[in-house]
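Below is one structure; the comments refer to it alone.
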Amino acid sequence: MSPTHIDVGAILEAAYHPVYNDLVTRATGRTVRDRIEQRLADRGTARLTIIDFSRIGLIDFSCADEIVATLVRRSCGDAPGYDGCFLFDGISDAHLDAIEHVLERDALALIVRISNGGHRLIGVVSTRERETWEYVLREHAADATAVAAQFGVDEHEATHTLTALERRRLLLRDGARFRAPLGAVA
């Protein structure tokens, strides 16, 4: 199934007419998040949702908390509100400060596609999680055996790291293999 694409700029425009392209109040952030969550509820079973910030100029800390941190928090854990991965697309340097701040405060992480097209894992992850995620990204997919061999750890530890990344919605599982949820390849 192809990814669901949600244009945050279009949501903001529909809610507030074409007056704004900045996310700067908690109330605005809550409105945008509510509409994103409605789209998620209506979208079916897509394993990946691309949340596109490319038309957003500025995002303040309160909107980053309302939109980004709340969506990520609700997607992780034992009873997630959304059983899929997010890719935050069109993230600019102007967005990163606020987003990284709220992720660090709540020990969350997410995948972003920076405006120049590169993918990054931002937020709070251990060195092993980051190295494993980057390895899976480079290899396009990997299982616990490959991760164990790459990092010189036992398979149990590799499985634990891969499963932790999946639970945090940073990797997708396909049988015994894991892969990074990146756009059309996901």
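Nothing in this text is a laboratory measurement; each read-out follows from the coordinates by a stated rule. Keep in mind that what you see is a predicted model, and the values were worked out from it rather than measured. Quick reminder, even Gly has a Cβ in these numbers, built from the backbone with ideal geometry, and neighbours come from all protein chains shown.
Observations on the structure shown:
- Remark: the stretch 28-186 carries a charge dipole of roughly 420 debye about the Cα centre, counting +1 on each Lys and Arg Cβ and -1 on each Asp and Glu Cβ.
- For the stretch 34-58, backbone nitrogen atoms closer than 16 Å to the point 7 Å from residue 13 Cα along Cα-to-C-beta are found at 52-58.
- Residue-wise HN-Hα coupling along the stretch 121-134, computed from phi with Karplus coefficients 6.51, -1.76, 1.60 (Hz; x: Gly, Pro): 9, 10, x, 9, 9, 6, 4, 5, 4, 4, 4, 5, 4, 5
- Altogether, the Stokes-Einstein calculation at 25 °C and 0.890 mPa s, with the Kirkwood radius of the stretch 1-130 over Cα pairs as Rh, returns a diffusion coefficient of 167 µm²/s.
- Close amide H partners of residue 87, meaning residues 5 or more places away or on another chain with modelled amide H under 5 Å apart, are 49, 50, 51.
- Relative intensity of the stretch 125-186 on a log10 scale, I(q)/I(0) at q = 0.19 Å⁻¹, equals -0.58, per a Debye sum over C-alpha point scatterers of equal strength in the absence of solvent.
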